[in-house]
Amino acid sequence: ELGWSLGLGTVEVSLPPAPVPRGRPVPVVIRWRRTGGDDPAIHRPLKARVALYDEADNRLAQDDRRILNDRHVLPGEWGPGDRPLNVYLLWPPADLPPGSYRLRLLVYDEESLAPVELVDPAGNPVGFEAELGRALLGE
């Protein structure tokens, strides 16, 4: 589980269990929740960027989407039991060689583009981009 300083967190992240064939998108599914507190920023439009990186830290593909529930409501209006699910599709470059690539998640304010700080379970800042795991790309 990941958490951000404004009171937003992930409940679960699902990555592809098998290599993704060339020419197909890498699907990443994230289930969100409110983690408490009422930072005013939680009521602003927020976006999440899921990105694919190589070992040289080059961003190869990304998908940015608004963080909303299934009724298109912002996180500041979610109830304590809400666990919205968002799907991100990353299209790797067609000439990318097969292999293992890192996936990262960044939450940011849609209007200012300012990243939201990632925090540990005790609320201590730990940066802005979270490692989600790896995606295997096949032939």
Using amide H atoms built 1.01 Å from N in the peptide plane, name the residues 5+ places from GLY133, or on other chains, whose amide H lies under 5 Å from its own. LEU103
Shape descriptor, the stretch 11-84: equivalent ellipsoid semi-axes (Cα gyration tensor, sqrt 5λ, whole Å, largest first) stand at 28, 14, 11
The chain - accessible surface per residue (Å², probe 1.4 Å): 51
Accessible area of the stretch 1-43 with a 1.4 Å probe: how many percent of it is carbon plus sulfur? 53
Taking only Cα atoms of the chain, the Rg to Rh ratio with Kirkwood Rh works out at 0.98
Could you tell me how far the Cα centroid of the stretch 1-50 sits from the Cα centroid of the stretch 65-139, in Å? 4
Residue-wise, which Karplus ³J(HN,Hα) couplings in Hz belong to the stretch 120-132, taking 6.51 cos²θ - 1.76 cosθ + 1.60, θ = phi - 60°, and x for glycine or proline? 7, x, 8, x, 7, x, 9, x, 10, 10, 9, 6, 9
Over the Cα atoms of the stretch 78-134, what is the Rg over Rh ratio if Rh follows Kirkwood? 1.05
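The values are calculated or read from the model by the stated rules, or taken from the named source; none is laboratory data. Worth saying up front: this structure is predicted, and the values here are computed from it rather than measured. Each accessible area value is taken on the protein alone, full model and side chains, heavy atoms only, with ligands, DNA and RNA left out. Shrake-Rupley method; radii C 1.70, N 1.55, O 1.52, S 1.80 Å.
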